[in-house]
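Since every read-out is calculated from the coordinates, none of them should be taken as a lab result. Computed from a predicted structure; not experimentally measured. Reconstructed Cβ throughout: ideal geometry from the backbone, glycine too, with neighbour counts over all protein chains shown.
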Amino acid sequence: MQVNPSIFKAYDIRGIYPEELDEDVGYAIWRAFVSFLEVDRVIVGRDMRLSGPQMFAAVANGLTDQGADVIDIGMVSTDQYYYACATLGEAGIMVTASHNPAQYNGFKMVRQMPYLLSGDEGIQDVRRLVESEDFRTPHRKGTITQQDLGDGFVEKVLSLIDVSSLRPMKVIADTGNGMVGPILERVYQSLPVELVGMYFDPDGSLPNHGLDPLQPENRAELEQRVLAENADIGFAFDGDGDRFFTIDDRGHFVPGDFLTALMAEYFLQDHPGAKIIYDVRASWAVPDLITSAGGIPLMERVGHAFIKERMAKEGAVFAGEVTGHYYFRDFFYADSGIVPSLVILEMLSRKKSRLSDLLLALEAKYFISGEINTRISADPKARLQELAEVFKDGEVHWLDGISVSYDDWHFNVRPSNTEPLLRLNLEAKSAHLMRERRDEVLRIIRS
């Protein structure tokens with residue numbers, strides 16, 4: 001079968017519907033999925049995208065024609081999907097393109113929690129089976145049953161904090177017409193929290209703003225409302241709910257590095273000496289706070305498939321990525337948007353502090369660029385090699401893209417796994433040096 005190989009990403013399958021990924025391709029992928037994993041039951045969830053019903057039908061047909069039973073968990077957030085895969089002990093498929101624009105769709109695939117299919121382990125095998133159509137001969141027709149695991153999910157995430165320790169707070173949450181709104185309301189209804197919802201109704205037409213809160217235009221209204229309405233904190237979630245972002249009480253966006261550092265430090269109070277995973281792009285604040293709190297910082301490449309596997313291997317209690325993925329040992333080593341929101345409420349309650357107070361020391365010491373994306377038409381590998389040559393007097397690493405470190409500044413540049421972009425993250429020990437080195441590296445990337 002002819003299929004666009006670019007839809008098979010490093011840790012999921014994703015493409016524009018129907019030009020790159022349609023029902024026929026989806027049907028073939030799921031026959032290949034069953035053939036490759038040799039499973040007889042598969043959990044399937046989906047998000048609110050307008051192409052979701054068609055793609056779900058293709059998935060279900062592919063799975064059942066290949067002899068697997070489908071457990072349909074309906075329209076859910078991705079952390080609900082991970083909960084279902086873990087508690088039922090089955091392989092799974094989430095029909096979602098995460099934070100991509102409305103015209104995209106795709107699949108996140110669980111082998112067995114916490115292990116996902118990735119480009120290194122499984123996704124390219126599925127691609128080859130699709131292209132060859134060398135599927136195993138099914139011995140029966142599978143069935144489809146529905147199951148609602150919402151109550152169990154609510155109970156599980158609330159069990160991860162001490163609800164009795166929470167103090168009254170006003171929270172404004174923007175779920176961007178993605179999948180988090182309905183389940184967030186169910187989780188928060190028993191908490192001493194005044195929850196003000198923005199765009200809680202799932203709507204694949206995205207009538208208000210895009211699904212990626214990392215883009216400033218998608219969080220601007222939330223930032224303004226937190227300040228204008230005197231809220232204690234603002235929370236933003238991406239489209240499928242596996243990424244989470246925070247606006248502090250000043251109306252300022254909180255970088256994922258700083259949030260990872262603060263949550264890691266907090267977890268180490270109850271888990272002394274624990275291992276914490278962080279990604280190659282992170283601020284020095286992350287390993288510094290982990291080390292000073294007595295923990296063991298471990299760096300890993302970007303991507304949820306790799307982070308989950310490393311966490312399980314190391315028994316790490318927590319992991320964070322700068323782009324808003326937060327992972328928890330006690331949530332099956334999975335990432336969740338709702339769980340970190342609860343952890344932060346508990347942390348602020350116990351510390352009797354505002355988030356802005358906790359951030360001041362970090363902001364005075366660590367000067368970060370944030371992630372800066374550059375669309376490129378040239379070969380990204382050539383750009384990375386050029387950076388390696390220019391900065392060869394630094395300490396160069398190739399764990400994920402190129403990372404270069406000096407005593408007073410460092411950076412990582414890596415290709416996007418989903419778009420034709422190079423992503424720069426840079427940090428220095430002064431604001432002036434950060435801006436100077438940022439502009440220097442960008443000139444090379446954009447030359």
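Quickly estimate the mean residue ellipticity at 222 nm for the chain, helices only: each DSSP H run with n ≥ 4 gives -39500 (n - 2.57), and the total goes over all residues, rounded to 500. Let's see the in-between values first.
Details: 14 runs with 165 residues, N = 447.
Computed ellipticity for the chain at 222 nm equals -11500 deg cm²/dmol.
Enter the Cα centre distance for the pair the stretch 228-266 and the stretch 113-150, rounded to the nearest angstrom.
35 Å
Under 5 Å between amide H atoms, partner at least 5 residues away or on a different chain: which partners does I296 have, H built in plane at 1.01 Å?
Residues meeting the amide H criterion: A274, K275, I276.
Compute the semi-axes of the equivalent ellipsoid of the chain, taking the square root of 5 times each eigenvalue of the Cα gyration tensor, and list them largest first in whole Å. Display every interim value, and only then the final one.
On the way: eigenvalues 230, 154, 80 Å².
Output for the chain: semi-axes of 34, 28, 20 Å.
Which percentage, to the nearest 5, of the DSSP beta bridges contained in the chain is antiparallel?
Values: 41 of 74 bridges.
Given both bridge residues lie in the chain, the antiparallel proportion sits at roughly 55 percent.
Simple spin-label model, 7 Å along Cα-to-Cβ: E221 to S205 in nm?
Once both label points are built, they end up 1.5 nm from each other.
Are there any trypsin sites (Lys or Arg not before Pro) in the stretch 111-162 that are in a DSSP loop and have at most 13 other Cβ atoms within 10 Å? List them by number. Mind dumping the intermediate values first?
Numbers: sites: R111, R127, R128, R136, R140, K141, K156; in loops: R136, R140, K141.
Loop-located and lightly packed - R140, K141.
Any chance you could run the full-extension gain for T143 through Q112? It's 0.36 nm times the residue separation minus the Cα-Cα distance, nm to one decimal.
Numbers: separation 31, 0.36 × 31 = 11.16 nm, distance 2.05 nm.
Going from the current span to full extension adds 9.1 nm.
Starting from the stretch 376-431, pick out the chymotrypsin sites (Phe, Trp or Tyr not before Pro) whose DSSP state is loop and whose Cβ has at most 16 other Cβ atoms within 10 Å.
Values: sites: F391, W398, Y406, W409, F411; in loops: F391, W398, Y406.
Answer by residue number: W398, Y406.
What's the long-distance tail for the stretch 391-447, i.e. % of Cα pairs beyond 14 Å?
Tail of P(r) above 14 Å: 56 percent of Cα pairs.
Just rank M48, M299, M1, M179, fewest to most, by other beta-carbon atoms within 10 angstrom. Could the numbers behind the result be given before it?
Details: M48 21, M299 17, M1 13, M179 32.
In increasing order of surrounding Cβ atoms, one gets M1, M299, M48, M179.
So if I take the centroid of the Cα atoms in the stretch 349-389 and the same for the stretch 1-62, what is the distance between those two points in Å?
Measuring centre to centre over Cα atoms gives 33 Å.
Looking at Q146, A28, L399, which one has the Cα that reaches farthest to the positive end of the dipole of the chain (charges on Cβ: Lys, Arg +1; Asp, Glu -1)?
So the residue we want is L399.
By per-residue mean of other Cβ atoms within 10 Å, what is the highest-first order of 431-443, 205-217, 227-239? Can you show the working numbers first?
Values: 431-443: 15.0, 205-217: 16.8, 227-239: 21.8.
Highest-to-lowest ranking by the protection proxy: 227-239, 205-217, 431-443.
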